[in-house]
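The values are calculated or read from the model by the stated rules, or taken from the named source; none is laboratory data. Please read all numbers here as calculations on a predicted model, not as lab measurements. Cβ placement follows ideal geometry from the backbone for every residue including glycine, while neighbour counts extend to all protein chains displayed. Each accessible area value is taken on the protein alone, full model and side chains, heavy atoms only, with ligands, DNA and RNA left out. Shrake-Rupley method; radii C 1.70, N 1.55, O 1.52, S 1.80 Å.
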Amino acid sequence: MNHWLMKSEPDEFSIDALKKVGREPWSGVRNYQARNFMKAMKVGDPILFYHSSCAVPGVVGIAEVVSDLYPDPTQFKPKSDYYDPASKPEEPRWWLVDVGFKRKLKRVITLEQLKAESDALGEFALLNRGNRLSVLPVTAAQYKHILSLE
DNA sequence: GCCAACGTTGGC
DNA sequence: GCCAACGTTGGC
């Protein structure tokens, strides 16, 4: 089992929105590194749900992988923002999983707090300089440590 | 709204 | 294959 962190802008799709719908196809990832991480996901993998580009960025909830990998349908839809004319149905370029709601944290574990814990957390893609990955791996130890801050 | 970081595109 | 231009992310 692997652990993950997934970013979402709360104005676009918040933890409350995920709670409301229960599960959501994680469409629109158009970064190869993030896609490759998603390809490694298995049903049941825990996900830290992170709010980015907002007043208080941080981990706000827990989700989990609830589907196997399948091609992102938006890449074939010309009207979609995520349309990729170079991708062929017989050889899809972009893949996704469905993300299911588990629970909201009692409070936000802020990016500021995570930075303060960087010694304890060790190497962590989220805290790397200029990091822009929307899907990134978390070790079991990091996952546990982050949730202990709740 | 600004701007640093960095991935992608496209001319050569 | 190089690299300048451009677009996007995301913290502040």
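The residues of region A:15-34 that are out of contact with any Phe, Trp or Tyr (no Cβ under 6 Å at 6 or more places or on another chain) and either without any contact (Cβ under 8 Å) to a residue 24 or more places away in the chain or not in a loop (DSSP other than H, G, I, E, B) (or both), listed by number, are A:Asp16, A:Ala17, A:Lys20, A:Val21, A:Arg23, A:Glu24, A:Pro25, A:Tyr32, A:Gln33, A:Ala34.
I'm trying to understand the selection: among the residues of region A:84-121, which are more than 24 Å from A:Val65 (Cα to Cα) and assigned to a strand (DSSP E or B)?
Pass one, region A:84-121, residues more than 24 Å from A:Val65 (Cα to Cα): A:84-88, A:90, A:112-113, A:115-120.
A:Lys88, the sole residue that qualifies.
For region A:92-150, the tally of residues that are farther than 15 Å from A:Ser8 by Cα, more than 16 Å from DNA strand C (Cβ to nearest atom) and of a type in the set (Gly, Ala, Ser) stands at 5.
Tell me, yes or no, whether region A:62-71 has at least one residue that is of a type outside the set (Val, Ile, Thr), away from DNA strand B (no atom under 16 Å from the Cβ) and at pLDDT below 95. If you could, list the steps in order and put the result at the bottom.
Taking region A:62-71 first, the residues of a type outside the set (Val, Ile, Thr) are A:63-64, A:67-71.
Filter again for away from DNA strand B (no atom under 16 Å from the Cβ), leaving A:63-64, A:67-71.
Keeping just the survivors that are at pLDDT below 95 gives none.
Looking for residues that are of a type outside the set (Val, Ile, Thr), away from DNA strand B (no atom under 16 Å from the Cβ) and at pLDDT below 95, one finds none in region A:62-71, hence no.
Of all the residues in region A:35-68, those that are open to solvent by 60 Å² or more (accessible area, probe 1.4 Å) and in contact (Cβ under 8 Å) with a residue 24 or more places away in the chain number 6.
Per-residue answers, yes or no, for (1) surrounded by fewer than 17 Cβ atoms within 10 Å (Cβ to Cβ); (2) over 15 Å from A:Gly28 (Cβ atoms):
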{"site": "A:Tyr70", "(1), (2)": "yes, no"}
{"site": "A:Gln75", "(1), (2)": "no, no"}
{"site": "A:Lys79", "(1), (2)": "yes, no"}
{"site": "A:Tyr83", "(1), (2)": "yes, no"}
{"site": "A:Pro92", "(1), (2)": "yes, no"}
{"site": "A:Leu96", "(1), (2)": "no, no"}
{"site": "A:Gly100", "(1), (2)": "no, yes"}
{"site": "A:Gln113", "(1), (2)": "yes, yes"}
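With respect to the conditions (1) in contact with a Phe, Trp or Tyr (Cβ under 8 Å, 6 or more places away or on another chain); (2) touching a residue at least 60 places away in the same chain (Cβ under 8 Å); (3) not hydrophobic (A, V, I, L, M, F, W, C), A:Lys77 falls short on a single one, namely (2).
Does A:Ser87 qualify as being under 13 Å from the mean Cα position of the chain (by Cα) and among the polar types (S, T, N, Q)? If you could, list the steps in order and put the result at the bottom.
Details: under 13 Å from the mean Cα position of the chain (by Cα): no; among the polar types (S, T, N, Q): yes.
Here the answer is no, as A:Ser87 does not meet what is asked.
Working carefully through the options A:Ala125, A:Ala120, find the one that is open to solvent by 60 Å² or more (accessible area, probe 1.4 Å) and aliphatic (A, V, I, L, M). Write out each step before concluding.
On the way: A:Ala125 fails: open to solvent by 60 Å² or more (accessible area, probe 1.4 Å).
Going through A:Ala125, A:Ala120 in turn, the sole match is A:Ala120.
Filtered by the rule that a residue be at pLDDT 95 or above, under 14 Å from A:Trp4 (Cα atoms) and either touching a Pro at 6+ places or on another chain (Cβ under 8 Å) or more than 16 Å from DNA strand B (Cβ to nearest atom) (or both), region A:122-150 gives A:Val138, A:Thr139, A:Ala140, A:Ala141, A:Gln142, A:Tyr143, A:Lys144, A:His145, A:Ile146, A:Leu147.
Residues that are open to solvent by less than 60 Å² (accessible area, probe 1.4 Å), within 16 Å of DNA strand C (Cβ to nearest atom) and closer than 17 Å to A:Thr74 by Cβ within region A:7-34 comprise A:Ser8, A:Phe13, A:Trp26, A:Ser27, A:Gly28, A:Val29, A:Ala34, listed in sequence order.
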